[in-house]
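Engineer: Got a structure here, written out as structure tokens. Questions coming.
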Amino acid sequence: MIILWWFLCYLIGSIPIAKFVTKRKLNFYSTSEVIRQTGWRKGLVVGFVDISKGFLAVSLAHYYGFSDMVALVAGLSAVAGQIFPVFNSFKGGGGILTSYGSLLFINILLANVAFAVVLPFVILGLGGWGIILAWLITSPFGNNTYALFATGHALMIIVAGGIRLYESRC
């Protein structure tokens, strides 16, 4: 039952909202790419839905009585779906806003601190470095679940960034 739940969360994360909103082919279906290609209005819609996908995965896991660890993996599954969506040839966004939505449910204060740290780096196109810095700043202040959660999200986003960098150079 738990593995089915994680798969469902992956499918939630895989919904290519950026593709639906823009109705055009993009290099990556991320909020920042939508803002660059189509403007702030569509970018805000995509960003809100991306945050909602992560929040929904974790909040529904808690609502249905799953443990914190199952909720943690549900959030990671939604992020994995955002980064590697099955519905879009495994080319999605960076997962930063979906991670933020997941972390919002776990600890709203630390999630907002992490987001404030990451945002300037994302604007500069250095989201991976922002994730590392946010992880270093916030992990010691949360409980063990938050620290594990933040570490998993940071690692997943960094690996995805490395894969994208490798693909762009080949």
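Engineer: Computing the accessible area with a 1.4 Å probe over protein heavy atoms, can you report the carbon and sulfur percentage for the chain?
Structural biologist: Roughly 72 percent, rounded to a whole number.
Engineer: Another question about this same structure. So what's the net charge close to Thr98: Lys and Arg +1, Asp and Glu -1, counting the other residues with Cβ under 9 Å from its Cβ?
Structural biologist: 0
Engineer: Alpha carbon centre of the range 1-49 versus the range 69-122: separation in Å?
Structural biologist: Computed from Cα coordinates, the inter-centre distance equals 12 Å.
Engineer: Still on this model: Along the positive direction of the dipole of the chain (beta-carbon charges: Lys, Arg +1; Asp, Glu -1; about the Cα centre), which of Ala78, Leu4, Asn27 reaches farthest?
Structural biologist: Positive-end residue among those listed: Asn27.
Engineer: Right, another one. Using only DSSP helix segments of four residues or longer, with each worth -39500 (n - 2.57), what per-residue ellipticity at 222 nm results for the chain after dividing by its residue count and rounding to 500?
Structural biologist: One gets -25500 deg cm²/dmol as the mean residue ellipticity at 222 nm.
Engineer: If you count, for each residue, the other Cβ atoms within 10 Å and average over each peptide, how do 41-48, 59-66 line up from highest to lowest?
Structural biologist: 41-48, 59-66
Engineer: Let me have the relative contact order for the chain, percent, based on Cα pairs under 8 Å that are six or more residues apart.
Structural biologist: Contact order relative to length: 22 percent.
Engineer: Size of the dipole of the range 1-111 about the Cα centre, Lys and Arg at +1 and Asp and Glu at -1 on the beta carbon, nothing else charged, in debye to 20?
Structural biologist: 620 debye
Engineer: Determine the per residue accessible area of the chain with all protein chains present and a 1.4 angstrom probe, expressed in square angstrom.
Structural biologist: 54 Å²
Engineer: Students often check this: by mean Cβ neighbours within 10 Å, which of 94-100, 132-138 ranks highest, and how do the rest follow?
Structural biologist: Going from most to least packed, we get 94-100, 132-138.
Engineer: Please give the contour-minus-distance gain from Ser67 to Leu44: 0.36 nm per residue of separation, less the Cα-Cα distance, rounded to one decimal in nm.
Structural biologist: The span from Ser67 to Leu44 would gain 5.1 nm if fully extended.
Engineer: Which helices count as membrane-span-like in the chain under these terms: full DSSP H, at least 20 Å along the axis by C-alpha, Kyte-Doolittle mean of -0.5 or more?
Structural biologist: Result, helices passing both filters: 40-63, 68-83, 108-123, 144-169.
Engineer: Between Gln37 and Phe20, what is the label-point separation in nm under the 7 Å Cα-to-beta-carbon projection?
Structural biologist: The answer from the label model is 1.7 nm.
Engineer: Candidates [x] 14.9, 45; [y] 21.7, 79; [z] 20.3, 70; which is the computed Rg and Dmax of the Cα atoms in Å?
Structural biologist: Label [x] holds the value from this structure.
The values are calculated or read from the model by the stated rules, or taken from the named source; none is laboratory data. Everything numeric in this text was worked out from a predicted model, so none of it was measured. So basically every Cβ, Gly included, is an ideal-geometry build from the backbone, and we count neighbours across all protein chains shown. Protein only, heavy atoms only, side chains kept; ligands, DNA and RNA dropped before computing areas. Shrake-Rupley method; radii C 1.70, N 1.55, O 1.52, S 1.80 Å.
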